[in-house]
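Take a look at the structure set out below.
Since every read-out is calculated from the coordinates, none of them should be taken as a lab result. Please read these numbers as outputs of a predicted model, since none were measured by experiment. Quick reminder, even Gly has a Cβ in these numbers, built from the backbone with ideal geometry, and neighbours come from all protein chains shown.
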């Protein structure tokens, strides 16, 4: 395991500086080592980490008595995904005590909806999803935060994608992704583009103008910018066409010397 970790790309190794993230690596290595061989970007790591977290939560919920564990897990991930999105908009990664309490209350509501009468501590779910830092002296209490910004971005992207998969769901603006806040969501938008285009081409076509405009507002304006986005999602036809259009517009130089040369 140590040898495999040492062979990871240096940038990817930076994702595993916290104890919880190292535990995630160990779990993925033991359960599905072939996934590690396919890691090329933060997106790859955060995607597999998200799936691992769902598996861990599912294991902890086995004894609860819910008849719809998958639905409950999805609901819980939507709750924390919405918070991840809101925190990104404020450039925050750590919860205050009051925020953590409100988040736990929302999780409790979802659990009680699916498992009426069951004695379930929503804190178990939060301990899986968040990095818990306890004060050595005990005077400063316990703080909760997202383990890494890429994990936070992946959770936010999951929330947006699931919202967009519903035909009557809100627009990006309704979810807080406005022209003013879009620069904070550049990575999130690229995750959404990948996830939505692969899971529902029909919904992607419907939402593509919103995603295109949000990416533009996030700073993806020049041909080179769009080419970089395309490298991460080369199979998305609408993206390829738009990247080509912008690139051609920039490189199509007319050099007219006289009327005869027209």
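Values computed for the structure shown
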quantity: Extension reserve of the residue 38-residue 127 stretch, reckoned as 0.36 nm per residue once the Cα distance is removed; calculated: 29.3 nm
quantity: Least to most buried among 169, 110 (fewest other Cβ within 10 Å first); calculated: 169, 110
quantity: Order of 164, 78 under a 10 Å beta carbon neighbour criterion, fewest first; calculated: 78, 164
quantity: Residues in segment 93-115 that a label on residue 142 would reach, taking backbone N under 15 Å of a point 7 Å out along Cα→Cβ; calculated: 95-105
quantity: Simple label model, 7 Å out from Cα along Cβ direction - residue 78 to residue 200, nm; calculated: 1.1
quantity: Value at 222 nm in deg cm²/dmol, rounded to 500, when DSSP H runs of n ≥ 4 in the chain each add -39,500 (n - 2.57); calculated: -20000 deg cm²/dmol
quantity: 128, 220 arranged by Cβ crowding within 10 Å, fewest neighbours leading; calculated: 128, 220
